[in-house]
Amino acid sequence: VEVAKKSDIAIIFAGLSSQYESEGKDVDPDLAYPKNQDKLINEILKANPKTIVVKYGGVGIIPGEWINKVPGFIDALYPGQEGGNAIAEILLGETNPSAKLPFTYLRKKTDSPAYKGYMDPSLDAVYNEGIYIGYKYYEKNNIDVLFPFGYGLSYSNFEYSDLKVKKTGKNSFELNVTVKNTGTVAGEEIAQLYVKPINPKINRPLKELKGFGKVALNGGEAKTIMFRLSDKAFAYFDTASKNWKVDAGEAEIVIGSSSKDVKGSVKINLE
């Protein structure tokens, strides 16, 4: 705390390590930061409001209330032996971070579909999600999450426009979207394509990720990302016929910068 008071900026490296997380060991059932890390972050933040938290770990452990107060937060996952240099380049602005979250950050542990069975005395964990895995579960149950799947900020801002779709065959389509870097810093954006069934005949997720495209843009530059979709993007496994099936009718193709941040959509007809 005394060092933080005297510093221009405080940077805290927190989270998990092999001591708390591994292939054969679960993380804390509270999905919390270990030991007194939350207390440490809060005390440093009081001493210096310009505090950046860099989180290590392979899962989305739940941060304390400090997440709404820190001006900077980086999820570094496990960046390896060059992680320190990479994070320094990001914090100094030499590299523009361009990644997206591969999982959802929850607000509380009870929102997880695994919560009820995880600590059951029988040691039986019942798989209740079915086809509603990850973000699909949270969308289906209208659960407010902290950071959605596919979320990620950078030092640039991006604008989406000119969403166009062209039919290229039976249940196959080509989709184009223009992405523009409206900032001054060169960066990369990852556009995500989701397919949303309309009035499905069976239970289907609200939408499913079916493609993504990463584009590098200088400040003020715009480029077009092209997606090609075959019938596989619209099919589900039919247990009666034991085969993949596409139902005729309307569907929607959704483009977003995360699973929640939708930038545009277009409807199509399936045969």
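The stretch between Phe212 and Asp120, if pulled fully straight at 0.36 nm per residue, gains 29.3 nm over its current Cα-Cα span. Close amide H partners of Gly152, meaning residues 5 or more places away or on another chain with modelled amide H under 5 Å apart, are Leu101.
Going by alpha carbons, how many degrees (0 to 90, nearest 10) lie between the helix axis of 37-47 and the longest principal axis of the chain? For 37-47 against the chain, the angle is about 70 degrees. Normalised by the number of residues in region 1-147, the average gap of Cα pairs under 8 Å and 6 or more apart makes the relative contact order 20 percent. In this rough spin-label picture, where each label sits 7 Å from Cα along the Cβ direction, the Gln19-Lys5 distance is 2.7 nm. Only helical runs count toward this figure. For the chain, summing -39,500 (n - 2.57) over DSSP H runs of n ≥ 4 and dividing by all residues gives -3000 deg cm²/dmol at 222 nm. Of the residues Tyr137, Tyr78, Tyr33, the one with the largest accessible area comes first in the ranking Tyr78, Tyr137, Tyr33, computed with a 1.4 Å probe on protein heavy atoms. Within the full protein context, the accessible area of Val27 is estimated at about 30 Å² for a probe radius of 1.4 Å. Rounded to the nearest 0.05, what FRET efficiency do Thr239 and Ser172 give with R0 = 22 Å and r taken as the Cβ-Cβ distance? Could you check? So the FRET efficiency works out to roughly 0.30.
When the alpha carbon gyration tensor of region 57-216 is reduced to an equivalent ellipsoid, the three semi-axes, largest first, read 30, 28, 13 Å. With a 1.4 Å probe and all protein chains left in place, how much of the accessible area of the chain comes from carbon and sulfur atoms, in whole percent? Carbon and sulfur together cover 51 percent of it. Using heavy atoms of the protein chains and a probe of 1.4 Å, the accessible area assigned to Glu139 is about 40 Å². Expressed in Å, the radius of gyration and Dmax of the Cα atoms of the chain are 21.5, 69. Legend: distances between Cα atoms for Lys136/Lys196; Lys207/Lys242; Lys35/Lys260; pairs beyond 21 Å are Lys207/Lys242; Lys35/Lys260. With the whole protein complex present, Trp66 retains an accessible surface near 0 Å², based on a 1.4 Å probe.
For region 127-144, backbone phi angles converted through the Karplus equation (6.51, -1.76, 1.60; θ = phi - 60°) give residue-by-residue couplings of 7, 9, 6, x, 7, 8, 9, x, 4, 5, 5, 5, 5, 4, 9, 6, 8, 6 Hz, Gly and Pro being listed as x.
Quick check on region 173-216: take the gyration tensor over C-alpha atoms, sort the square-rooted eigenvalues as a ≥ b ≥ c, and tell me if it's rounded (a/c under 1.5), prolate or oblate. Prolate is the answer for region 173-216, as a/c is 1.5 or above and a/b outweighs b/c. The alpha-carbon of Lys109 sits under 12 angstrom from the alpha-carbons of these aspartates and glutamates, leaving out residues fewer than 8 places away in its chain: Asp28, Asp30. Probing with 1.4 Å while keeping every protein chain in the model, the per residue accessible area of region 122-271 equals 57 Å². 3J(HN,Hα) along region 210-216, derived from phi through the Karplus expression 6.51 cos²θ - 1.76 cosθ + 1.60 where θ = phi - 60°, amounts to 10, x, 8, x, 9, 10, 9 Hz, with x in place of Gly and Pro. Taking the convex hull of the alpha carbon positions in region 1-146 and averaging its projected area over all directions gives 10.4 nm².
Against the empirical curve 2.2 N^0.38 Å, the C-alpha radius of gyration of region 65-115 lands at a ratio of 1.45.
Can you pull a Stokes-Einstein diffusion coefficient for region 13-54 at 37 °C (0.692 mPa s), Rh from Kirkwood over Cα pairs, as a whole number of µm²/s?
Result for D is 282 µm²/s.
Across region 223-230, coupling constants 3J(HN,Hα) worked out from phi with the 6.51/-1.76/1.60 Karplus curve, θ = phi - 60°, read 9, 9, 9, 10, 10, 10, 10, 9 Hz, and Gly and Pro carry x. The Cα atoms of region 1-87 define a convex hull whose projected area, averaged across directions, is 6.0 nm².
The values are calculated or read from the model by the stated rules, or taken from the named source; none is laboratory data. Bear in mind the structure is a predicted one, so any value in this text is a computation, not a measurement. All Cβ positions, glycine included, derive from the backbone under ideal geometry; neighbour counts span all protein chains shown. SASA here: full protein model, heavy atoms, side chains in, ligands and nucleic acids out. Shrake-Rupley method; radii C 1.70, N 1.55, O 1.52, S 1.80 Å.
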